[in-house]
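Please read the structure below before turning to the comments.
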Amino acid sequence: PERYNKNDHTLFLQKLAAMIAISIENCINRQRTLELGYQDGLTSAYNRRYFDERLKHETDRCLRKKTDLVCLFLDVDFFKKINDQYGHQVGDAVLIRLVTLMRDEVRSSDIVARYGGEEFAIILPDTGITLAHEVAERIRSKVESQKLIIDDNTLGVTVSIGMASLSQIKILTGANKTDPDEQQDLDQLLLGKADEALYQAKQTGRNQVVIKKMAS
């Protein structure tokens with residue numbers, strides 16, 4: 001009681017508010033730095049490192065909650081021809097626009113990442129294969145319908161999409177939902193099956209969505 005008098009009340013609150021404001025600003029700046037480290041420099045989508053971390057985390061979480069998860073692998077069709085014919089700046093514009101279109105069709109909780117080059121991957125947690133297929137088809141259709149105007153020329157772009165679900169992987173592997181040892185590497189198996197489905201989509205005509213069929 002002897003340390004403060006009534007005249008110090010406002011000054012004390014001002015100093016306390018200033019310290020709190022600095023602490024909040026430091027937290028925001030730290031989070032911004034982390035976000036920049038997880039972003040692809042060109043498209044502002046998440047990068048591969050962040051995608052791999054989140055895929056593992058979301059796979060484990062969905063296993064605990066006993067919900068499904070779907071992974072989409074997406075590739076721009078004939079992207080090399082776009083770069084060769086129109087230049088890399090146009091190719092970059094295609095990728096940036098593609099990320100915008102994908103984000104418009106997914107939830108804020110879904111993860112859109114640039115996996116490498118013209119390849120992208122999407123995590124759809126708590127989502128079944130039927131709903132995920134609808135999302136993938138909307139992305140494919142929207143990309144196909146959007147046209148870029150390049151020097152008075154119209155550039156059409158299409159994408160191929162492969163997809164696989166966690167529930168399919170569990171059936172394939174016979175993984176015990178409650179055994180951590182049997183849960184390991186399910187995320188990589190899921191990603192691998194989605195990649196196989198993408199390869200199938202590109203080999204059988206492109207501009208389509210393929211769901212990976214699991215062999216018994």
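The values are calculated or read from the model by the stated rules, or taken from the named source; none is laboratory data. All values reported here derive from a predicted model rather than from experimental measurement. Heads up, the Cβs are rebuilt from the backbone with ideal geometry, glycines too, and the neighbour counts pull from every protein chain shown. The area values use the complete protein model at the heavy-atom level, side chains included, leaving out ligands, DNA and RNA. Shrake-Rupley method; radii C 1.70, N 1.55, O 1.52, S 1.80 Å.
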Residue-span extension gain [ARG3 to SER23] - 0.36 nm each, minus C-alpha spacing: 4.7 nm
At 0.36 nm per residue, and after removing the present C-alpha to C-alpha distance, how many nm does the segment from ASP104 to LYS81 gain when stretched out fully? 5.6 nm
Given the options LEU72, LEU11, LEU131, which has the most mean-square fluctuation in a GNM of the chain, springs set between C-alpha atoms less than 10 angstrom apart? LEU11
Given pairs LYS142/LYS202; LYS147/LYS193; LYS170/LYS212; LYS170/LYS202 and cut-off 24 Å on Cα-Cα distance, the over-length ones are LYS147/LYS193; LYS170/LYS202
Between CYS27, CYS62, CYS71, which gets the highest mean-square fluctuation from a Gaussian network model of the chain, Cα cutoff 10 Å? CYS27
Find me the longest stretch of the chain that has none of the exposed trypsin sites (Lys or Arg not before Pro), where exposed means in a DSSP loop (not H, G, I, E or B) with at most 15 other Cβ atoms within 10 Å. 108-176
Hull surface over four for the Cα convex hull of the chain, reported in nm², is 18.8 nm²
Can you send over the carbon and sulfur percentage of the accessible area for the chain, probe radius 1.4 Å, protein chains only? 51 percent
What FRET efficiency would be calculated for the residue pair LEU42, ARG64, taking the C-beta separation as r and a Förster radius of 41 Å, to the nearest 0.05? 0.70
Within the set THR130, THR59, THR33, GNM on the chain using Cα springs under 10 Å gives the largest fluctuation to THR33
List the residue ranges in the chain for DSSP H helices whose C-alpha atoms run 30 angstrom or more along the long axis and whose Kyte-Doolittle average is -0.5 or above. 9-37
Roughly how many Å² is the accessible area per residue of the chain, as a whole number, for a 1.4 Å probe? 58 Å²
